[in-house]
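Comments concern the structure below.
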Amino acid sequence: MCGIFGYIGHRNASKLLVKGLLRLEYRGYDSSGVVVKNGQLQSYKDIGKISEMASSLPRMKGSMGIAHTRWATHGGVTQDNAHPHLSNDGKVAIVHNGILQNSDTLRKRLVKLGVKLNSETDSEIFCHYIAMELDRGKEPLEALQNVLALTRGTWGLCVLFEDYDFVLCARNGSPLIIGRGKDEMFISSDPHAIREHTDQLVALEDGQIAKLNSLDFQVMQTDGKEVKSNLLDLEEDWGESELGDYPHFMLKEIHEQSQSLQHCISGRLRHAEGTSVLGGLQIRPQELAQLPHVRLIGCGTALHAAQIGQILIEQWARIPAVSHVASEFNANDPVINPKALHLAISQSGETADTLSAVKEIQRKGADVYGVVNVVGSSIARQCGKGVYIHSGPEQSVASTKAFTNMVGALALFALQLGRSRHLSKTKGKSITREMRMLPDKIRSYLENPGSIDEAVELVTKAKSVLFLGRGISSPVASEGALKLMEIAYIPCLAYPAGEMKHGPIALIEQDYPVVVIAPNDGVQDRTLNAIHECKARGAKIILIHEEGDPISEVGDVCISIPSTIPMLTPLLSVLPTQLIAYHAALALENDVDRPRNLAKSVTVE
Ligand code: AGP
């Protein structure tokens with residue numbers, strides 16, 4: 001989604017800005033632009049790829065500038081709506097992430113004052129109001145403070161001035177990180193975009209403003225009171241993520257799952273005791289004894305992982321657990337029990353809906369543990385406790401290896417919770433034994449993935465595709481449907497297998513593809529009923545089953561996965577669904593890694 005990069009130093013700013021934008025590219029955007037101070041403010045912006053914008057960029061000589069990737073919210077995808085926005089006198093330039101709720105009122109007020117508006121965006125108002133404050137004789141900092149006092153909404157905002165040698169930044173609900181280099185400063189909405197330049201990072205908190213020149217920066221509250229800011233500890237080097245020999249990040253990330261799951265579980269399993277230890281999720285025995293329930297929240301793929309986590313926690317720890325769509329969580333004034341355990345699941349750690357649910361839970365007196373991939377991200381910092389899932393950088397918009405590691409981390413947690421309650425050591429050991437074998441099983445499946453091409457042929461010809469699964473396979477069906485829908489643009493429906501006869505069966509006609517996730521998990525016989533009901537109406541069954549299972553007789557296209565214990569099957573059964581989505585998108589000539597309209601990090605509610 002929208003991204004910000006800024007530079008103040010002694011090197012050519014435009015080159016560094018473009019490089020910074022390219023680092024943010026995977027997050028999703030539809031236009032981009034830069035503005036550099038070279039005596040005057042010189043800006044350029046366009047719709048489309050950053051590389052195209054950069055190739056048309058005029059020569060820019062300055063060493064101070066700000067840049068932006070835009071993902072349209074207010075106003076269409078046009079050059080005018082792209083950032084940066086400049087005041088009409090050309091003296092103030094802004095880039096903004098977030099949404100202003102009262103922008104209509106503020107825009108109307110500007111029009112009444114005779115200010116010419118150049119875009120349809122909410123963001124543009126910032127540069128005009130700041131310019132008006134400067135015209136009234138205010139200093140830049142006071143001008144910004146006054147304008148922020150007028151606005152309602154969220155912002156990660158950077159302001160560049162023609163007449164001043166510093167940049168002002170402000171954060172409210174949209175991340176901004178400052179990086180200190182040697183006689184140079186960096187600003188970004190994503191710490192990992194700065195990491196190649198410096199590891200001296202500071203995250204602005206909500207309600208803070210920063211003033212930066214090439215040598216130093218000050219962080220203050222909106223009222224101007226200076227605050228001490230702490231260096232951000234990113235703990236691990238995020239490293240470079242290059243494509244290598246892979247044609248797409250999605251395929252690369254699918255194939256990394258064996259290794260990344262290994263990374264997630266290594267050092268955390270205690271086979272001799274049949275348990276696991278997640279340092280960040282240690283709960284005092286007394287609290288554990290009184291734990292009334294567990295709530296898990298997330299969006300999209302993270303929600304599906306949360307739904308699996310819910311089942312694992314109930315099965316292994318026998319504690320009531322429920323998962324919630326994060327974007328719906330705050331809508332109904334949820335009742336929060338401070339004694340309950342809350343888990344926020346997120347790959348990016350920046351999903352605004354999830355972050356907002358975390359804040360609501362905290363506001364109502366409970367703690368939230370993060371189950372997050374991106375180290376130092378907003379959700380990780382807001383929660384202040386939890387675990388990292390250690391997937392490494394995930395660049396494809398379609399999440400794959402983060403899903404496996406979310407489920408892996410939640411399985412470790414459910415096991416730890418279960419063993420501290422009633423789960424026997426013998427049962428615990430059977431789980432740890434299976435978990436240790438999973439990375440190899442993932443690798444062995446990916447080396448020989450079965451009839452993916454046949455499945456792709458069926459789904460790419462279809463008007464829509466139905467995904468079915470029962471019990472712990474039901475969220476896997478949802479995940480498979482999401483993946484196919486988001487990158488192949490094929491309408492997909494996911495249903496618990498037993499619900500199929502209550503409505504979706506109306507879709508079935510001759511050759512209609514139905515993907516059924518049917519591991520040998522104790523509920524398979526009832527999934528079989530749904531399969532027969534579909535077949536009786538002419539459906540073609542794409543069956544994902546465990547190797548050697550006689551259920552394969554009912555499949556039209558059969559994809560066999562290695563066997564494991566029922567509760568861990570999602571970590572294997574999801575793999576063919578990822579490959580089907582990937583190859584279907586490829587067959588339809590879609591942009592696999594950057595599907596239309598989607599963003600990797602959804603930073604608006
Ligand atoms: C996954 O393929 C999607 N692109 C999307 O649903 C994603 O999982 C969702 O936006 C949540 O993101 P997060 O894990 O970064 O919070």
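Conditions (1) within 20 Å of Pro519 (Cβ to Cβ); (2) of a type in the set (Ser, Thr, Tyr), marked per residue:
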{"position": "Ala366", "(1), (2)": "no, no"}
{"position": "Ile389", "(1), (2)": "no, no"}
{"position": "Gly392", "(1), (2)": "no, no"}
{"position": "Gly408", "(1), (2)": "yes, no"}
{"position": "Ser424", "(1), (2)": "no, yes"}
{"position": "Gly428", "(1), (2)": "no, no"}
{"position": "Glu457", "(1), (2)": "no, no"}
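So which of Ala494, Ala581 is in a strand (DSSP E or B) and within 16 Å of the ligand (Cβ to nearest atom)? Quick ask: steps written out before the conclusion?
Numbers: Ala581 fails: in a strand (DSSP E or B).
From the options Ala494, Ala581, the qualifying one is Ala494.
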### Message
Of everything in the range 310-337, what is of a type outside the set (A, V, I, L, M) and over 27 Å from Gly376 (Cβ atoms)? Give them in sequence order.
### Response
Gln310, Glu314, Gln315, Trp316, Arg318, Pro320, Glu328, Asn332, Asp333, Pro334, Asn337
### Task
Just one of (1) touching a Cys at 6+ places or on another chain (Cβ under 8 Å); (2) open to solvent by less than 10 Å² (accessible area, probe 1.4 Å); (3) within 14 Å of the ligand (Cβ to nearest atom) trips up Met485, so point out which.
(2)
### Message
I need a count of the residues in the range 580-605 that are open to solvent by 10 Å² or more (accessible area, probe 1.4 Å) and over 19 Å from the mean Cα position of the chain (by Cα).
### Response
6
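Quick grid of which residues meet (1) without any contact (Cβ under 8 Å) to a residue 40 or more places away in the chain; (2) over 18 Å from Val602 (Cα atoms):
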position	(1), (2)
His293	no, yes
Leu296	no, yes
Gly300	no, no
Ile311	no, yes
Glu314	yes, yes
### Message
Being touching a Phe, Trp or Tyr at 6+ places or on another chain (Cβ under 6 Å) and hydrophobic (A, V, I, L, M, F, W, C) is the filter here; which residues of the range 416-461 pass it?
### Response
Leu423
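Only one residue in Ser464, Ser478, Ser399 is within 16 Å of the ligand (Cβ to nearest atom), open to solvent by 10 Å² or more (accessible area, probe 1.4 Å) and touching a Phe, Trp or Tyr at 6+ places or on another chain (Cβ under 9 Å). Which one? Don't jump to the end; show me each part of the working.
On the way: Ser464 fails: within 16 Å of the ligand (Cβ to nearest atom); Ser399 fails: touching a Phe, Trp or Tyr at 6+ places or on another chain (Cβ under 9 Å).
Just a single option satisfies the conditions, and that option is Ser478.
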### Summary
Residue set Leu458, Leu484; condition assigned to a helix (DSSP H, G or I) and touching a Lys or Arg at 6+ places or on another chain (Cβ under 9 Å); output residue Leu458
### Message
Anything in the range 156-178 that is crowded, with 24+ Cβ neighbours inside 10 Å and part of a strand (DSSP E or B)? List them, or say none.
### Response
Gly156, Leu157, Cys158, Val159, Leu160, Val167, Cys169, Ala170, Arg171, Ile177, Ile178
### Task
Looking at (1) closer than 25 Å to His96 by Cβ; (2) touching a Ser or Thr at 6+ places or on another chain (Cβ under 9 Å); (3) of a type in the set (Ser, Thr, Tyr), find the lone condition where Ser260 falls short.
(1)
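Specify which of the listed residues (Glu350, Glu328) is without any contact (Cβ under 8 Å) to a residue 12 or more places away in the chain, open to solvent by 10 Å² or more (accessible area, probe 1.4 Å) and acidic (Asp, Glu).
Glu328
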### Query
Can you spot a residue in the range 99-114 that is modelled with pLDDT of 95 or more, β-branched (Val, Ile, Thr) and open to solvent by less than 60 Å² (accessible area, probe 1.4 Å)?
no
### Query
Consider Arg421 against the criteria (1) of a type in the set (D, E, K, R); (2) open to solvent by 60 Å² or more (accessible area, probe 1.4 Å); (3) part of a helix (DSSP H, G or I): it satisfies all of them except one. Which criterion is unmet?
(3)
### Message
Which condition from (1) assigned to a loop (DSSP other than H, G, I, E, B); (2) open to solvent by less than 20 Å² (accessible area, probe 1.4 Å); (3) away from the ligand (no atom under 16 Å from the Cβ) is the one that Gly522 breaks?
### Response
(2)
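Is it the case that Ala193 is of a type in the set (A, V, I, L, M) and either part of a loop (DSSP other than H, G, I, E, B) or farther than 23 Å from Thr154 by Cα (or both)? Before the answer, list the steps.
Working: of a type in the set (A, V, I, L, M): yes; either part of a loop (DSSP other than H, G, I, E, B) or farther than 23 Å from Thr154 by Cα (or both): no.
In short, no.
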### Query
Is at least one residue of the range 71-82 touching a strand residue (DSSP E or B) at 6+ places or on another chain (Cβ under 7 Å), assigned by TED's automatic domain parsing to the domain that holds Lys211 and among the small types (Gly, Ala, Ser)?
yes
### Message
Anything in the range 432-455 that is touching a strand residue (DSSP E or B) at 6+ places or on another chain (Cβ under 9 Å) and in a helix (DSSP H, G or I)? List them, or say none.
### Response
Thr432, Met435, Arg436, Lys441, Tyr445, Ile452, Glu454, Ala455
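Any idea which residue in the range 353-380 is surrounded by the fewest Cβ atoms within 10 Å (Cβ to Cβ), counting only those that are in contact with a Cys (Cβ under 7 Å, 6 or more places away or on another chain) and within 19 Å of Leu176 (Cβ to Cβ)? Write out each step before concluding.
So the first thing to find is which residues in the range 353-380 are in contact with a Cys (Cβ under 7 Å, 6 or more places away or on another chain), and the list is 353-354, 358, 368-370.
Those still in the list that are within 19 Å of Leu176 (Cβ to Cβ) too: 354, 358.
On the way: Thr354: 34, Val358: 26.
Here the answer is Val358.
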### Task
Within the range 547-554, identify whether any single residue is at pLDDT 95 or above, of a type in the set (A, V, I, L, M, F, W, C), surrounded by 17 or more Cβ atoms within 10 Å (Cβ to Cβ) and closer than 19 Å to Glu457 by Cβ, and answer yes or no.
no
### Summary
Taking the range 332-357 and keeping residues over 16 Å from Phe403 (Cα atoms) and among the hydrophobic types (A, V, I, L, M, F, W, C) leaves Val335, Ile336, Ala340, Leu341, Ala352, Leu355, Ala357
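The values are calculated or read from the model by the stated rules, or taken from the named source; none is laboratory data. Note that the structure is predicted; figures quoted are calculated from it, not measured. Note: ideal-geometry Cβ built from the backbone for every residue, glycine included; neighbour counts use all protein chains shown. For the accessible areas, the whole protein counts, side chains as well, though only heavy atoms, and no ligand, DNA or RNA atoms are used. Shrake-Rupley method; radii C 1.70, N 1.55, O 1.52, S 1.80 Å.
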